[in-house]
1. Name, by its number, the condition in (1) surrounded by 24 or more Cβ atoms within 10 Å (Cβ to Cβ); (2) modelled with pLDDT of 95 or more; (3) in contact with a Phe, Trp or Tyr (Cβ under 6 Å, 6 or more places away or on another chain) that does not hold for Glu156.
2. Hey, among Tyr40, Tyr105, Tyr74, Tyr86, which residue is touching a His at 6+ places or on another chain (Cβ under 9 Å), crowded, with 24+ Cβ neighbours inside 10 Å and touching a residue at least 12 places away in the same chain (Cβ under 8 Å)?
3. Could you go through the range 108-120 and let me know if any residue there is within 15 Å of the chain's Cα centre (by Cα) and touching a residue at least 40 places away in the same chain (Cβ under 8 Å).
4. Restricting attention to helices (runs of 4 or more DSSP H) lying wholly within the range 170-236, give those where 2 or more residues are at pLDDT below 95.
5. Please specify each residue of the range 1-44 satisfying the condition of being among the basic types (Lys, Arg) and either in a loop (DSSP other than H, G, I, E, B) or modelled with pLDDT of 85 or more (or both).
6. Residue under question is His209, and the condition is that it be more than 22 Å from Glu91 (Cβ to Cβ) and surrounded by 15 or more Cβ atoms within 10 Å (Cβ to Cβ); does it hold?
7. Counting just the residues of the range 140-175 that are over 10 Å from the mean Cα position of the chain (by Cα) and of a type in the set (D, E, K, R), which one comes out farthest from Lys229 (Cα to Cα)?
8. From the list Ala126, Ala79, which one is in a loop (DSSP other than H, G, I, E, B) and of a type in the set (A, V, I, L, M, F, W, C)?
Amino acid sequence: MGTATSSMAAKFAFFPPNPPSYNITVNEASGKMRFSDVNYQRDNVDVLKLSTKRGNEIVAMYVKNPSASLTVLYSHGNAADIGQMYHIFTELSVHLNVNLMGYDYSGYGQSSGKPSEQDTYADIEAANKCLEEMYGIKQEDTILYGQSVGSGPALELAIRLPHLRAVILHSPILSGLRVMYPVKRTLWFDIYKNIDKIPLVDCPVLVIHGTEDEVVNFSHGKQLWELCKEKYEPLWLKGGNHCDLELYPEYLRHLRKFISAIEKLQRPRDAPDLKPKDQTEQASNNVTEQSKEKSRPSIDYREKGRPSFGHREKSRLSTDSRDKARASIDKREKSRKSIDRSFKARNSTDHSERARNSFDRLGDMVRSVGLCNVDCLKQTAAEV
């Protein structure tokens with residue numbers, strides 16, 4: 001039973017498109033590689049071949065965005081390769097304002113070897129190493145994106161990067177075996193044991209899942225989100241299935257909101273504390289106030305928020321000045337909220353047309369390539 005189940009799990013995990021959707025050609029003059037079967041190729045895309053520690057050579061593509069401060073490392077789902085994902089990757093780079101690297105697992109597309117769980121771990125490690133060494137991208141500026149089966153290698157790498165900026169899980173799985181059987185505990189022959197890894201991730205995690213997913217039940221995404229240390233507002237797409245989430249306007253809108261929040265979150269490089277600045281200061285103040293006079297909460301808050309200025313003015317604060325300080329803090333808070341609302345409104349106005357167009361383009365892309373991550377799952381389970 002164990003051998004048969006393990007074999008089934010392996011069959012579930014890997015469905016590389018056959019034949020691959022692309023070939024690679026080399027420009028004789030520049031020596032630059034490109035995909036020969038992709039229309040409307042862009043000059044800001046590098047096509048790469050990377051060696052893995054397991055002896056395979058995988059194909060990757062890197063989309064450069066000169067105004068980006070963050071980089072997404074995208075692990076795609078099943079029944080797809082980066083030739084099919086090319087236009088989706090380039091659109092996400094533009095509308096999320098990020099650099100983006102996508103890669104093919106061993107045995108997918110024009111990558112050598114045969115796909116296996118351990119090979120996908122080596123594949124994403126090679127892609128991340130390329131980001132660091134070739135493009136100078138630090139883990140503090142990296143977001144891992146795992147779609148369906150891609151959630152496996154994404155979480156495996158996430159638990160080994162202590163200063164990773166964030167993780168996005170798109171229709172993720174609890175584990176390979178749990179997609180097919182409602183097992184209550186992790187078995188040794190299972191693959192992609194995400195349920196055991198997600199509590200070890202120290203950075204913010206966004207989970208996206210369709211409520212009507214017929215391949216990977218919605219409960220997988222929901223349980224993974226509940227187990228996160230640093231939960232970000234999830235996106236549960238009502239009526240969404242396994243392969244159509246990009247068609248929903250909320251998909252791109254929520255991703256943009258998440259990226260914006262992560263950009264504003266200045267995380268210390270030597271500590272895993274990822275609370276927003278206001279929450280961190282408030283928590284510190286709550287502890288401090290227990291040992292200070294109750295009549296001076298506003299002064300304590302001001303001194304915590306602006307230590308150098310607070311120390312100089314501390315000796316000159318009187319009852320009247322404390323009242324003014326409190327009023328000033330309230331005014332700053334209202335001003336900050338006003339600025340935030342203004343920024344959101346302006347951002348919405350500036351990007352509404354682009355967002356609407358991007359939804360249409362992404363929808364057309366998804367429909368055109370017929371992306372599905374594990375379409376053959378039920379048939380495979382019946383055959384074994």
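1. Here Glu156 meets the rest and fails (1).
2. Numbers: Tyr40 fails: crowded, with 24+ Cβ neighbours inside 10 Å; Tyr74 fails: touching a His at 6+ places or on another chain (Cβ under 9 Å); Tyr86 fails: touching a His at 6+ places or on another chain (Cβ under 9 Å).
The unique qualifying residue is Tyr105.
3. Quick first cut of the range 108-120, residues within 15 Å of the chain's Cα centre (by Cα) only: none.
No; the residues of the range 108-120 include none that is within 15 Å of the chain's Cα centre (by Cα) and touching a residue at least 40 places away in the same chain (Cβ under 8 Å).
4. On the way: elements: 176-180, 194-197, 218-227.
It comes to 176-180.
5. So in the range 1-44, the residues among the basic types (Lys, Arg) come out as 11, 32, 34, 42.
Matches in the range 1-44: Lys32, Arg34, Arg42.
6. Numbers: more than 22 Å from Glu91 (Cβ to Cβ): no; surrounded by 15 or more Cβ atoms within 10 Å (Cβ to Cβ): yes.
No: the conditions fail for His209.
7. In this case the residue turns out to be Asp141.
8. On the way: Ala126 fails: in a loop (DSSP other than H, G, I, E, B).
One residue alone meets the criteria, Ala79.
The values are calculated or read from the model by the stated rules, or taken from the named source; none is laboratory data. Nothing here was measured: the structure is a model prediction, and the numbers come from that model. Note that each Cβ is placed from the backbone with ideal geometry, even for glycine, and that neighbours are counted across all protein chains shown.
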